[in-house]
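Here the structure is laid out as structure tokens; the discussion comes afterwards.
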Amino acid sequence: MGLLAEVIAAADPMPPHLVDAGMAAFTWRRVDEELAELLFDSADAATPAGMRTGRPPSRQLSYASADLQIECELSPSGLVGQLIPAGSGALEVVTPDGNPLPITVDEHGRFHTAPLPSGPIRLRCRRPSRVEVVTPWLLA
């Protein structure tokens, strides 16, 4: 145990931004939010045989909760998507430090924002007379 303690003490300390991101990911901050389930992530799709691998320029994501679906595309130029069923609402990008970036949603449920902060983000949606919905964390 003493040797293990020495090794741990000699290791580089964890960068503060990574500690904050880890704490944010595992902290249940609001009990009145519903966590949307990730239905599809194009980053998880298998590469067909014969195709070159590499990071695609964009990533398609689908989330669902009891009464809301969020379809979006994440790319270097920003985030674009739609809330289903259509309707306006308050949508924001949340970072581990808790500072929200508001996104305008039109009457058809469409939204877009650019640029996105780098690092872990999640989406939070507020709609009239409904439970707030948040997505799991993802790396932008």
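Structure summary
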read-out	value
Residue in the stretch 94-108 that is at pLDDT 90 or above, out of contact with any Pro (no Cβ under 7 Å at 6 or more places or on another chain) and under 17 Å from Ala36 (Cα atoms) present	no
Breaking point among (1) modelled with pLDDT of 95 or more; (2) among the polar types (S, T, N, Q); (3) outside any strand (DSSP E or B), for Ser62	(3)
Count of the stretch 99-111 residues which are out of contact with any Lys or Arg (no Cβ under 8 Å at 6 or more places or on another chain) and either surrounded by fewer than 16 Cβ atoms within 10 Å (Cβ to Cβ) or within 18 Å of Pro136 (Cα to Cα) (or both)	9
Verdict on Leu101 being over 22 Å from His17 (Cα atoms), without any contact (Cβ under 8 Å) to a residue 60 or more places away in the chain and aliphatic (A, V, I, L, M)	no
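A quick yes/no check of all residues on (1) under 18 Å from Val131 (Cβ atoms); (2) at pLDDT below 95; (3) touching a Gly at 6+ places or on another chain (Cβ under 8 Å):
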residue	(1), (2), (3)
Ala21	no, yes, yes
Ala25	no, yes, no
Ala46	no, yes, no
Gly54	no, yes, no
Pro57	no, yes, no
Cys72	no, no, yes
Val80	no, no, no
Ala90	yes, yes, no
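The values are calculated or read from the model by the stated rules, or taken from the named source; none is laboratory data. Note that this is a predicted model, so its numbers are computed, not measured. Because the Cβ atoms are built from the backbone with ideal geometry, glycine has one as well, and the counts that use them run over all protein chains shown.
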